[in-house]
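No lab work stands behind these numbers, since they all come straight from the coordinates. Treat the numbers as computed from the prediction; the structure is a model and nothing was measured. Because the Cβ atoms are built from the backbone with ideal geometry, glycine has one as well, and the counts that use them run over all protein chains shown.
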Amino acid sequence: MIIKQASRIRPSEITDRDVWLRRRQLIKAAAAGSGLLLGGMSGVAAALYRGPGDLNRIGNLRETDHGKELKPTAYKHITTYNNFYELGYGKRAPAENAGFLKPRPWTIKVFGECNRPSVVDIEDVLKLDQEERIYRFRCVEAWAMVVPWVGIPLGDFLKRFEPNSRAKYVEFTTLYDPEQLPGQKRNVLDWPYREGLRMDEAMHPLAFLATGLYGEVLPNQNGAPLRLVVPWKYGFKNIKSIVSIRFTEKMPNNTWRRTASDEYGFYANVNPDVPHPRWSQKRHRVLGKGLFGSKEDTLMFNGYAEEVAHLYRGMDLRKNF
Ligand code: MTE
């Protein structure tokens, strides 16, 4: 994943995943005799934020020391070059179609193996103390950006619901509403988008639920009003626009594993030694550096090995990719 101005993106640079999904969509559309996905959607509900300054600021914000040495990627790159397939294909589509999504009112259902299942209003989540957390965040198609996220530690949030001893994993689910997320009108992926973490991963202080970036609430295309960020994993783990969180005994079957289990594993830890079946994962581009983003070596666990390697001690990370 490389964040650049759209005008500078050459067609040859469109990522393999997008091409692969488009091909799937074409095959399915042809089989169903239907039109192309999101054909007339682009621009219908354009919501390109110019910000920061366009969206509501988050009040109770505490700056962390974490990541202070990193220079944040420009707002426009972070908000106009990403994946959110429910809002279209191509890196600019989620920003162009962001206006379809209505992030208020919004609730998050927390249930499963816990003593205090609840439905939480997003306004109450925003009232919790928020921390500003700057992370280098890398995505699976090999681009990286430094995002000044605002969020709450995931573990602290989950503890409120008192997970019980059978809670070995936690599963997250995105909103299912084809009117707000028109990409769901075609079954290119198995909607709604789902992701999961092992409980010890979810409890790790680096994992968090993002409510904003650049001091403001999240732009829709970045997963408003609440999305996951796990900085040591590939970007597809960072599920957007979450409506439910379930504690489970069994490993959740996340969307990309259901779609292509040989290409995307459950753990998805950034690992330069395990190539994707169709490309190397040894290097990535840093968006906003140089004209097309400068390339640099990918680090194990995205550079967070010291903090998280112990979670995987004794595991074969080639098998558990
Ligand atoms: N969440 C949902 N619901 N739908 C998606 O298509 N794409 C994922 C992830 N979360 C996706 C999603 C992928 S592949 C990536 S790389 C990141 O979101 C990219 O978005 P970001 O740049 O806003 O983090």
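Listed by chain and number, the lysines whose alpha-carbon sits under 17 Å from that of LYS109, ignoring those within fewer than 8 places in the same chain, are LYS159, LYS240. With an a/c value under 1.5 for the gyration tensor axes a ≥ b ≥ c computed over the alpha-carbon atoms, the stretch 100-197 is described as rounded. A viscosity of 0.890 mPa s and a temperature of 25 °C, combined with the Kirkwood radius over C-alpha pairs in the Stokes-Einstein formula, give the stretch 11-312 a diffusion coefficient of 125 µm²/s.
Taking other Cβ atoms within 10 Å as a rough exposure proxy, PHE157, PHE247, PHE172 sort from fewest to most as PHE157, PHE247, PHE172. Each label was represented as a point 7 Å from its Cα along the Cα-to-Cβ direction; for GLU179 and LEU128 these points are 3.0 nm apart.
How would SER241, SER118 line up from fewest to most surrounding beta-carbon atoms within 10 angstrom?
Values: SER241 26, SER118 12.
Ranking SER241, SER118 by Cβ neighbours within 10 Å, fewest first, gives SER118, SER241.
For each of TRP256, TRP232, TRP279, TRP106, count neighbouring Cβ atoms within 10 Å of the residue's Cβ, then give the residues from fewest to most. Walk me through the numbers before you get to the answer.
Values: TRP256 22, TRP232 29, TRP279 12, TRP106 18.
Taking fewest neighbouring Cβ atoms as first place, the list is TRP279, TRP106, TRP256, TRP232.
Of the residues MET203, TYR169, ALA93, the one whose Cα sits farthest toward the positive end of the charge dipole of the stretch 11-312, with +1 on the Cβ of Lys and Arg and -1 on the Cβ of Asp and Glu, is ALA93. Full extension of the segment from ALA309 to ASN164, taken as 0.36 nm per residue of separation minus the current Cα-Cα distance, would add 49.7 nm.
Distance between the 7 Å Cα→Cβ label points at ASN253 and ASN56: 3.8 nm.
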